[in-house]
Structures are given as C-alpha cells and as structure tokens.
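To start, the structure under review is shown below, and the notes come after it.
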Amino acid sequence: MERLYDASDLLSLAPNPLCLFDQVKIGFSGRISGLTAADLADVRQHLDQTGVLDRKRSRRNPRCIVLDVPIITNDGEVVGHTTVELWLEQIDPRTMQITSRSTISTNLVVPLRALLGIQPTDVSLDGKLNYIGPTAEQSCDTLNLQFDLAHHAVEAVCEAIGEVLPACAEVHDPICWLRAIELHHDLNCDDALKVTRAVCHTAMAGSRLGEHDSYRSGKSRARVPVAHWRATRTGEVVKVYPKTYRLARVEVGCRDRESIAKCCGERRTAEFSGAGIAELLYAFYEKAAPTVTLALDHVQRAALGKRSPMECMLALQPLLQLGRRERSGTNYTPSAAVAAAAQHAGEELLSDGVCHIRGHRKGSKLREVLDTLTEGNGPLMRGAQGTIYCLRPEFGRAAAKLADNLLGNDIEQSGTDDFQGQDEETGEQAK
C-alpha cells in the first residue's frame, strides 16, 4: 500500500516526542441512489450472512444498522475490530441518505499490539489492554502502523457496505470527519501513581480549568488519580493518569467535533476513504502533538520536584497572610471579604493547582499579591486569563502532601518515590 502520509514528516516539523493515537471516532455521511426500503431488508440479511451485522444492537432502531467489521492487514491477519453505526434516512423512493449520525469507532492501540506481537499479559489499572509500553521506546514506524491501521479499518467498512448494496446502487458525495479522538504519550516512571498524585495538585501554564478525580482500580479496592486540564471552554482536554504502575499516560483528547475544530483551528472534512482518514489523523497530530509535549514537560517537572511542604507554605506565605487578615508593612488590614477570597484561593491552589479570582480588579490587594507570586522563581504561573493562577509543577508533590494532611485521601499509593526520565533505560513492567 502506498503511504500518502508519513510519520517521519510529522516528527521533522518540530522536536516533539513521539505520540500515538488511542480511541478514534469518525463521522461520515453520503447519499445512496438506487436503494429502496425493500432493498434495505436484503442489505441487512446479506450483512448478517457475512457475519458483520450486530443483530442485537441493530434491532434497537430500524434506521440504524450496527456492524462489527474486522480490521484485516494485507497479509490477511485479523488484528482488531471496528464498530460502525450506519444511520439511513429515505429522502425519496429510490434514494437513502447516510446521515451525519453515522460513525466508525475503533481503538488504534489494541490492533497495534497484535501487529507488534505483544501478548495480552497484564491488563492496565483501568482494566484495558490499550498500551504497548513506554512511547519513547517506539519509532515513527509505530505511528506509521497506526496510519495503516486506520486506512485498513475505513477501507474494510467501505468494502463491507459496498458488497451488499444492489448492483444498481451508487454512493454519492461520501465524506468523513473526526468526531472524537485521543493522542497520548506513555511516560516510563518508577511509580506512576505518585507522579500522577503530584500532577493532580498543579496545573499547566495557560490553563483555564484544573481538576482531579479518581476511579476504582480493577487491581485493588483503592482509587487511582486522574488529572484534567483545559485551556479553553470548548477545546481539547489534557489528561494525566497511571496506565500501569510504571507508565503515566499523558493524553490530549477531544470529545466532540467542536473541540476538534478548536484544536485544529478549523472544521476539516475529507473523502470517506482510507486515504481520507489518514489525512485527518495527520492534520490532528500536527496540531495536538505540541500540547502533549507541553503536558509531558509539566509532568516531568512535577515528578522531579523536590520542594518540601514547608517550602511550599513559605512560598505562598504572602497569600496565606492575607487569608489570616494579618497586617502588611503598610499597616493594611484585609477586609473579611478579601481574607475569605485569599483563603479560598490558597485552598484551590493546594487542592487543584489552579485558582480563578473573580470580582477583584487588577491592582486590588489580592491580585497584587498573586501577581507578585508569579514573578521570578515565584510559586505561581499565569493561567488562560489574567484572573487565573496556576501552581508551578515543582510544588506538586509538596501540595499533594499538604492536601493529604488537610483533607485525607484514598488514592492508591505504591512504595517507591523515584522518577525515571523518558530517555533513561526502562525497567521490567510492574505486575
């Protein structure tokens, strides 16, 4: 197969670490002439005979045909499956519209494992097998395999549908677009849980929102931390979480078409074909990979941070003094409202690594103190707006310990506290 898009071209554009695609959902639409309502029953029957029809899910709505299409390589090997929802609407007696609700969903890591010969051994902390080890150990050939897999997946869908259409039927104006997508880098570290816990109490520079939650691990009854950041209301979400005990996943995800357009700077469509989806993936990678790189740098700085809880408290002392209504050198005594806002800002910084100051104009005492803390080697960075402040990643571990002492937590922890950079030799995967 001739490759129209090559990963080596992407990696030569900027010195970004390699990233890989994970979950991908593709929207598509078109028009089928020469297809009647009576023909549609035959189409369903033929799809059932070929073994790709999902009978149970297809019964739920007569307008939707659900398919489970195998991804087959040029060598005839089945390496994965693609779920298709084909939504049809009759627009005249002999024409069906493939509506924009139609989707193709696949995971580009699971079949990648099969191509690389990775046996299903230990599942990840979230109970899945969508990882292959440290991304830094892979090359652009691995990313090219994902472009090939996406190409094969879409071509297999086109072929599965085309084979069962009546001879007189013809597909017109088929287009596709990205509807949801994830791009990630799996970082090797000695303790991904502690790394993520530190990250949960910081936020990337330029963030609008920073928060963290947890999920219950399938490996134990304890909870596993997950950090989320947003730079805009509708754009991509940056997420960091432990994939295994020794892999921290740094991920940029877009959950809908609007967020993809925000990330890429435009709404993109392409011909509904293997080449078309490769074009869309290439364009998204080019725009999203730099964000993964920034997040990866943030995570590494948080993991390597050696600031103690006492150093963190001292660095935030001007804000904490304001919250205690202590007089400053100019005999200024904060009002109760200013003190409450300062106290709340301090709690937000220690808990989520970001605070949003509302109702305090530039030049007010609270903004003045926070602005000062962003200068030089101060503990804060600027967020997406002038009223948003983020805790520097170097203070993440200290903030996590302070939050633990104040609030307690049930987040799963492991024994070691060391971090291994992505260019160091990796150890054996923890079980």
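Is it the case, given these coordinates, that Ile104 is at pLDDT 95 or above, touching a Leu at 6+ places or on another chain (Cβ under 7 Å) and not aromatic (Phe, Trp, Tyr)? Spelling it out, it is not the case that Ile104 is at pLDDT 95 or above, touching a Leu at 6+ places or on another chain (Cβ under 7 Å) and not aromatic (Phe, Trp, Tyr). In summary, Arg267 fulfils each of the numbered conditions (1) in contact (Cβ under 8 Å) with a residue 60 or more places away in the chain; (2) in a helix (DSSP H, G or I); (3) more than 22 Å from Tyr389 (Cβ to Cβ) with the single exception of condition (2). Looking across region 109-123, the residues that are part of a helix (DSSP H, G or I) and more than 22 Å from the chain's Cα centre (by Cα) come down to Ala114, Leu115, Leu116. Given the condition loosely packed, with under 14 Cβ neighbours inside 10 Å, among the polar types (S, T, N, Q), out of contact with any Ser or Thr (no Cβ under 9 Å at 6 or more places or on another chain) and closer than 22 Å to Leu20 by Cα, answer yes or no: does some residue in region 107-121 qualify? There is at least one residue in region 107-121 that is loosely packed, with under 14 Cβ neighbours inside 10 Å, among the polar types (S, T, N, Q), out of contact with any Ser or Thr (no Cβ under 9 Å at 6 or more places or on another chain) and closer than 22 Å to Leu20 by Cα.
When Gly76 is tested against (1) in a strand (DSSP E or B); (2) within 20 Å of Glu155 (Cβ to Cβ); (3) of a type outside the set (Asp, Glu), exactly one condition is not met: (1).
So, Lys56, is that one surrounded by fewer than 20 Cβ atoms within 10 Å (Cβ to Cβ) and in a loop (DSSP other than H, G, I, E, B) or not? Spell out the reasoning first.
Details: surrounded by fewer than 20 Cβ atoms within 10 Å (Cβ to Cβ): yes; in a loop (DSSP other than H, G, I, E, B): no.
Taking the combined requirement at face value, the residue does not satisfy it.
Residues considered: Ala295, Ala222, Ala275, Ala261. Of these, the only one that is surrounded by 21 or more Cβ atoms within 10 Å (Cβ to Cβ) and of a type in the set (A, V, I, L, M) is Ala295. When region 399-431 is filtered for residues that are more than 26 Å from the chain's Cα centre (by Cα) and modelled with pLDDT of 90 or more, the ones remaining, listed by number, are Lys401, Leu402. In summary, helices (runs of 4 or more DSSP H) completely within region 291-387 and bearing 1 or more residues that are at pLDDT 90 or above and among the β-branched types (Val, Ile, Thr) occur at 336-352, 365-373. Taken as a whole, the condition of being touching a Lys or Arg at 6+ places or on another chain (Cβ under 8 Å), in contact (Cβ under 8 Å) with a residue 40 or more places away in the chain and surrounded by fewer than 19 Cβ atoms within 10 Å (Cβ to Cβ) does not apply to Pro290. Within region 59-73, if we keep just the residues that are in a strand (DSSP E or B) and of a type in the set (Val, Ile, Thr), the residue that is farthest from Thr106 (Cα to Cα) turns out to be Ile65. Would you check if there is a residue in region 386-404 being touching a residue at least 40 places away in the same chain (Cβ under 8 Å), farther than 16 Å from Met313 by Cα and charged (D, E, K, R)? Scanning region 386-404 turns up no residue that is touching a residue at least 40 places away in the same chain (Cβ under 8 Å), farther than 16 Å from Met313 by Cα and charged (D, E, K, R). Going by the structure shown, is Ala198 part of a loop (DSSP other than H, G, I, E, B), within 30 Å of Gly378 (Cα to Cα), in contact (Cβ under 8 Å) with a residue 12 or more places away in the chain and not charged (D, E, K, R)? Against the criterion (part of a loop (DSSP other than H, G, I, E, B), within 30 Å of Gly378 (Cα to Cα), in contact (Cβ under 8 Å) with a residue 12 or more places away in the chain and not charged (D, E, K, R)), Ala198 does not qualify.
Report whether or not Ala114 is within 23 Å of Tyr245 (Cα to Cα), free of Cβ contacts under 8 Å to residues at least 40 places away in the same chain and small (Gly, Ala, Ser). Yes: the conditions hold for Ala114. Criterion applied to Asp75, Asp68, Asp92, Asp122 was being among the acidic types (Asp, Glu) and within 30 Å of Asp213 (Cα to Cα), and the one residue passing it is Asp122.
Just give me the residues in region 86-108 being under 14 Å from Val24 (Cα atoms) and either part of a strand (DSSP E or B) or in contact with a Pro (Cβ under 7 Å, 6 or more places away or on another chain) (or both), in sequence order. Hits for region 86-108 are Thr103, Ile104, Ser105, Thr106, Asn107.
The residue list Arg358, Arg367, Arg382, Arg325 contains one member that is surrounded by fewer than 20 Cβ atoms within 10 Å (Cβ to Cβ) and touching a Pro at 6+ places or on another chain (Cβ under 6 Å), which is Arg325. The sole residue among Ala340, Ala303, Ala345 that is closer than 19 Å to Arg361 by Cβ and in contact with a helix residue (DSSP H, G or I) (Cβ under 7 Å, 6 or more places away or on another chain) is Ala345.
Quick check on region 297-346: of everything there that is over 19 Å from Asn405 (Cβ atoms) and of a type in the set (Lys, Arg), which residue is nearest to the chain's Cα centre (by Cα)? Going through the qualifying residues, I end up with Arg301. Residues of region 36-53 that are farther than 19 Å from Ala153 by Cβ and either touching an Asp or Glu at 6+ places or on another chain (Cβ under 9 Å) or part of a helix (DSSP H, G or I) (or both): Ala37, Ala38, Asp39, Leu40, Ala41, Asp42, Val43, Arg44, Gln45, His46, Asp48, Gln49. Please indicate, with yes or no, whether at least one residue in region 233-253 is of a type in the set (D, E, K, R), more than 13 Å from the chain's Cα centre (by Cα), crowded, with 21+ Cβ neighbours inside 10 Å and assigned to a helix (DSSP H, G or I). No.
Checked against (1) surrounded by fewer than 24 Cβ atoms within 10 Å (Cβ to Cβ); (2) in a helix (DSSP H, G or I); (3) in contact with a helix residue (DSSP H, G or I) (Cβ under 8 Å, 6 or more places away or on another chain), Glu159 passes all but a single condition, namely (3). When restricted to residues that are at positive phi and free of Cβ contacts under 8 Å to residues at least 60 places away in the same chain, region 27-72 contains 1.
The values are calculated or read from the model by the stated rules, or taken from the named source; none is laboratory data. These figures come from a predicted structure and were not determined experimentally. Ideal geometry is used to build each Cβ from the backbone, glycine not excepted, and the neighbour counts take in all protein chains shown.
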